[in-house]
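Comments concern the structure below.
The values are calculated or read from the model by the stated rules, or taken from the named source; none is laboratory data. Given the structure is predicted, the values throughout are model-derived calculations rather than measurements. Using ideal geometry, Cβ is built from the backbone for each residue, glycine included, and neighbour counts are taken over all protein chains shown.
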Amino acid sequence: MELTPDSCINLMPELKGLDLDIQELKGGITNKLYRVKSSDGGDYVFRIYGDKTNLFINRDVEMENLRRMEPSGVTPRLIRYLPQQNTTVVEFIPGYVLNNEDFLKESLWESILRPVRIIHRSGIKLPFVFHPLTEVKRFHGILEGVNSHSYPEFDIDGSVRILEKITDLCERSRARFVPCHNDLLADNFVLRQRTPKSTEPMVLIDWEYAGMGTPYYDIADMFQEIGVPRKIERSLLEIYWDNKDVSYHEYMTNLLKPFPDIYWFLWSLIQLNISTLLFDYYSYGRVKYENAQRNIGYCREHYGTSI
């Protein structure tokens, strides 16, 4: 639906009688996003869920993620959860939304990695376990359910078999899983405007895919989204891991890189079949698939892995 003053009031009756400034936010490729500023000083983001996103997003889990992570200071505050209206309202975080080029700026590296380390080291338990191979196979199953024909230009089954082999090499005990965001693209980092109430300079938004998992996947996903040179990836790993055993951590991260790319590739094909948003999901997914194949080749050539 399109958000209007009347629909805002229907969703949040406390806004009745206030002047509302409604602006559609660009960049969402899963949901429609609107910023709503009220004359009493309120500032909100209304997230209207994309069609059929309940196929792959558990909104109850997403909301519980926000509630549990709120004490960390690196998430927006949940204002209203309205599952019957397919809407969530969170606080708007005023600030600067990062882009991929910002990850090239050494002056920002500490600020970028700080919220990632905070969530990974928080000790908070999230309600969902995000196992990379399990989630790839889940998306594969969803795709088969929403599409009656295959995509012969992509070797999906072969890619899943390779991920099974990689899992055998790098499987970690679930007892060592930590809370992970699992969608660390640049758009989900907001460098917050300083206010008396702000505690952390960088905030992570959009917790739809979060769960307990391995930090290697979370960091690999970030690297695959931002696409910086490997030299900068190494520098970021040195900061994150406090310069300890960096070569090992780099190896584990590289092994995990094909997982987020195949995950988002499958996500793209699912969206291609169900979404009404205007976005080129096919081209987006093709890039992810090709990135995964390149990283599989890198692991074979650089580490000699039999995958």
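Brief remarks on what is shown
- Residue in the stretch 130-140 that is assigned to a loop (DSSP other than H, G, I, E, B) and either more than 19 Å from Ala210 (Cα to Cα) or in contact (Cβ under 8 Å) with a residue 60 or more places away in the chain (or both) present: yes
- Candidate set: the stretch 35-57, residues that are at pLDDT 95 or above and polar (S, T, N, Q); chosen: the one farthest from Leu20 (Cα to Cα): Ser39
- When the residues of the stretch 1-30 are filtered to those that are of a type in the set (D, E, K, R) and within 26 Å of the chain's Cα centre (by Cα), the one that is surrounded by the fewest Cβ atoms within 10 Å (Cβ to Cβ) is Lys26.
- Per-region count, the stretch 244-293, residues assigned to a helix (DSSP H, G or I), of a type in the set (Asp, Glu) and surrounded by fewer than 16 Cβ atoms within 10 Å (Cβ to Cβ): 1
- Pairs are defined by a Cβ separation below 6 Å, a sequence spacing of at least 6 or placement on different chains, a first member in the stretch 242-262 that is free of Cβ contacts under 8 Å to residues at least 60 places away in the same chain, and a second member that is surrounded by fewer than 24 Cβ atoms within 10 Å (Cβ to Cβ) and among the acidic types (Asp, Glu); the pairs so defined are Val246/Glu238.
- Here is the figure for the stretch 140-195: residues that are over 29 Å from Asn65 (Cβ atoms) and of a type in the set (Phe, Trp, Tyr) total 2.
- Filtered residues of the stretch 111-143 (kept if under 15 Å from Tyr217 (Cβ atoms) and of a type in the set (Ser, Thr, Tyr)): Thr134
- When Lys125 is tested against (1) surrounded by fewer than 18 Cβ atoms within 10 Å (Cβ to Cβ); (2) part of a helix (DSSP H, G or I), exactly one condition is not met: (2).
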